[in-house]
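Below is one structure, written out as C-alpha cells, with a few remarks after it.
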Amino acid sequence: MNKKPIRLDFFRYILANVISSLGVSVYILIDTFFISRGMGSEGLAALNLSLPVFNFINGFGLMLGIGGGSKFSMLYCNTERKETDSVFSISFICILGIAAIFEILGIFFSGQVTHLLGADEAVFDMSHSYIKRILLFSPAFLVNNHMACFMRNDSAPKLAMLGMLSGSLANVILDYVFIFPMDMGMEGAALATCISPFVSIGVMSIHFITGWNAFRFRLIRPSLSVIKEIISLGLHSFFSEVSGGVVIMIFNFVIYRISGNTGIAAYGVIANAAIVFSAIYAGIASGIQPLMCRYHGRSDISAIRYVLRLALRTAMIFSVFAYTAVFFCTSEIVGVFNSSGNPMLKSIAETGLHEYFLFMPFMGANTVLSVYFTSKEMPKQAQLISLLRGTILIIPLAFIAYMLRSMTGVWLTVPAAEMMTSFVGMSLLLITNRKAWAESLKPVPNIR
C-alpha cells in the first residue's frame with residue numbers, strides 16, 4: 001500500500017470539510033454574539049431554546065445526504081450511471097417529503113413547538129419569532145445539506161466548502177444589518193439565518209451548471225428498498241445530530257429548574273462554543289467518509305484502516321490543543337457573550353466551560369468510529385454509538401444531576417456519556433477487526 005497519496009487525499013478532504021463545517025457552525029455563533037449584544041441574557045436564553053429545531057432539520061438533511069452520498073460513492077465505480085442517479089433522485093424526493101412536514105409545523109404549530117421546547121413568558125415571543133421562521137425556511141436548510149453531502153462524494157469538496165462559507169458570510173453580514181441598523185431584533189437574526197442557505201445553494205449550483213456532476217435528478221418511482229438502505233447508512237448522522245437537540249432540550253429543562261433563565265443563557269454560551277468544536281470533528285468525519293466508502297468499494301481493507309488511524313490521531317491532537325485554549329481563555333470566551341456583565345452568568349458559564357469541554361477527546365473518537373462502521377456497511381454498530389452518546393446514557397445522567405441539584409453534575413453529563421461510549425466503540429472495533437482477521441485465515445475451498 002502506497003500511503004502517500006492516501007495521506008494527501010485525507011488532508012485535502014478533511015481540510016475542505018472542516019472549513020465547511022466550521023462555516024456552518026459560525027453562523028449560529030454569530031447569531032449568538034449579535035443576539036447577546038442586542039437582546040442580552042433573555043435573547044441568549046431564547047436562542048438556546050430554539051437550537052433543537054436546527055438539530056432536527058439538519059439531522060434529516062444529513063441522514064439522507066450522507067446515506068445517499070455513501071451509497072452513491074460505493075456504487076460509482078461498479079455500476080451504470082442510471083443506478084447512481086436513482087440513489088440521488090430517491091434521496092432528494094425524501095428530502096422534499098420531510099420539508100413538507102416541517103412547513104406544516106411552521107404554518108400551523110410553531111407556537112406549540114415553542115412551548116414544547118420550554119419557553120416561558122419572559123422569552124416566548126423571541127423564541128417563537130425565531131422558531132417559526134426556521135421551520136418555514138426548512139426546505140432550504142434540507143436541500144443545502146443534501147447537496148453538500150453528494151458533492152463531497154462527487155469529488156467536489158472544495159466547491160461544497162465554498163458554498164457553505166459563502167452562506168455563512170452572508171449570514172454574518174445580514175445579522176449585523178437586520179439586528180442593529182434595521183432594529184429587527186430576533187426576527188432579523190432568524191431572517192439572516194434563513195437567507196444564508198440560498199446563498200450556499202447558489203454557489204454549489206455551479207457544480208451542475210458546468211456539467212461537473214456525476215449524478216442528476218430523474219423522475220422515478222421511489223424504491224422502498226433503496227430508501228431503507230439510504231436511511232440505514234445515514235441513520236448514525238441523524239442520531240448524532242438529533243441527539244444534540246435532545247441534549248439541549250433536556251439540559252434546558254434541568255438547568256432552568258436549578259438556575260433559571262440565567263443558567264440557560266450560560267448554557268447557551270457553552271453549547272454554542274461546543275458547536276464550533278464539534279464542527280471540527282464533524283468535518284473530519286465528513287472528510288474521511290468519501291475516502292472510506294471508496295476504499296470499501298474496492299475492498300481495500302488496509303487503506304481503510306490507515307485512514308481510520310490518521311483520523312483518530314488528528315482528532316486527538318486537535319482535542320488537546322482545543323481544550324488547552326478553552327481552559328486558558330475561559331474569561332474571554334464568556335465575556336464575548338456577556339455584554340451586560342452579569343456576574344451569575346459569568347460564574348456559571350466559566351465553571352461549565354472547564355467541566356463540559358472534557359468531552360472533546362472522546363467525542364472525536366466516537367464521531368470517527370461512527371463513520372468507519374457506516375463506510376464498512378455496518379450500520380448497527382454506528383447507530384449504537386450514536387444512540388449511546390446521544391440519548392441512552394445522556395438522559396439518565398442528566399436526571400441524576402437534576403435530582404442532586406448539581407450544576408457540576410450537569411456539566412459532567414456529556415463527558416461521562418462520551419467516555420463510556422468510547423469504551424464501547426473501541427471494543428466493537430477490536431471485535432470486528434478480530435473477526436475479519438480470523439476470516440482471512442480460513443482456507444480457501446478448492447473448487448474444481
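The values are calculated or read from the model by the stated rules, or taken from the named source; none is laboratory data. This structure is a prediction, so every number in the text was calculated from the model and none was measured. Here Cβ is always computed from backbone atoms with ideal geometry, including for glycine, and neighbour counts include all displayed protein chains. Heavy atoms of the whole protein, side chains included, go into the accessibility calculation; ligands, DNA and RNA do not. Shrake-Rupley method; radii C 1.70, N 1.55, O 1.52, S 1.80 Å.
Counting only residues that are over 23 Å from Met184 (Cα atoms) and either open to solvent by 10 Å² or more (accessible area, probe 1.4 Å) or in a loop (DSSP other than H, G, I, E, B) (or both), the range 118-147 holds 6 of them. Tally up the residues in the range 148-161 that are assigned to a loop (DSSP other than H, G, I, E, B) and of a type outside the set (D, E, K, R), please. Selection size over the range 148-161: 2. Given the structure, is Ile107 open to solvent by 30 Å² or more (accessible area, probe 1.4 Å), part of a helix (DSSP H, G or I), closer than 16 Å to Val53 by Cβ and among the aliphatic types (A, V, I, L, M)? Taking the combined requirement at face value, the residue satisfies it. Residues that are over 20 Å from the mean Cα position of the chain (by Cα), open to solvent by 10 Å² or more (accessible area, probe 1.4 Å) and modelled with pLDDT under 75: does the range 29-41 have at least one? Yes, because at least one residue in the range 29-41 is over 20 Å from the mean Cα position of the chain (by Cα), open to solvent by 10 Å² or more (accessible area, probe 1.4 Å) and modelled with pLDDT under 75.
When the range 10-28 is filtered for residues that are within 14 Å of the chain's Cα centre (by Cα) and either at pLDDT below 80 or not in a helix (DSSP H, G or I) (or both), the ones remaining, listed by number, are Asn17, Ile19, Ser20, Ser21, Leu22, Gly23, Val24, Ser25, Val26, Tyr27, Ile28.
Among residues of the range 136-155 that are among the aliphatic types (A, V, I, L, M), those with a beta-carbon under 6 Å from a residue that is crowded, with 24+ Cβ neighbours inside 10 Å at least six positions away or on a different chain give the pairs Ala140/Pro197; Leu142/Gly61; Met147/Met204; Ala148/Ala160; Met151/Ala160. Examine the range 47-63 for a residue that is of a type outside the set (Phe, Trp, Tyr), modelled with pLDDT of 85 or more, open to solvent by less than 20 Å² (accessible area, probe 1.4 Å) and over 30 Å from Gly185 (Cα atoms), and state whether such a residue exists. Yes, the range 47-63 has at least one match. Only residues that are assigned to a helix (DSSP H, G or I), of a type in the set (A, V, I, L, M, F, W, C) and open to solvent by 60 Å² or more (accessible area, probe 1.4 Å) were counted across the range 186-228, and they come to 5.
For Phe198, state whether it is touching a helix residue (DSSP H, G or I) at 6+ places or on another chain (Cβ under 6 Å) and either among the charged types (D, E, K, R) or within 16 Å of Gly69 (Cβ to Cβ) (or both). No; evaluated as a whole, the condition is false for this residue.
Considering every residue within the range 286-295, establish whether at least one is closer than 26 Å to Asp31 by Cα, buried (at least 23 other Cβ atoms within 10 Å of the Cβ) and either modelled with pLDDT under 85 or β-branched (Val, Ile, Thr) (or both). Checked against the condition, which is being closer than 26 Å to Asp31 by Cα, buried (at least 23 other Cβ atoms within 10 Å of the Cβ) and either modelled with pLDDT under 85 or β-branched (Val, Ile, Thr) (or both), the range 286-295 yields at least one hit.
To keep it simple, each residue is scored yes or no on (1) open to solvent by 40 Å² or more (accessible area, probe 1.4 Å); (2) modelled with pLDDT of 90 or more; (3) on the phi > 0 side of the Ramachandran plot; (4) in contact with a Pro (Cβ under 8 Å, 6 or more places away or on another chain).
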{"site": "Leu353", "(1), (2), (3), (4)": "no, yes, no, no"}
{"site": "Met360", "(1), (2), (3), (4)": "no, no, no, no"}
{"site": "Thr367", "(1), (2), (3), (4)": "no, no, no, no"}
{"site": "Glu377", "(1), (2), (3), (4)": "yes, no, yes, no"}
{"site": "Gln381", "(1), (2), (3), (4)": "yes, no, no, no"}
{"site": "Thr391", "(1), (2), (3), (4)": "no, no, no, no"}
{"site": "Ile395", "(1), (2), (3), (4)": "yes, no, no, no"}
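Screening Leu312 with (1) touching a residue at least 12 places away in the same chain (Cβ under 8 Å); (2) open to solvent by 50 Å² or more (accessible area, probe 1.4 Å); (3) not β-branched (Val, Ile, Thr) gives one miss only, at (2).
For the range 378-392, the criterion of a residue being assigned to a helix (DSSP H, G or I), among the aliphatic types (A, V, I, L, M) and without any contact (Cβ under 8 Å) to a residue 12 or more places away in the chain is satisfied by at least one position.
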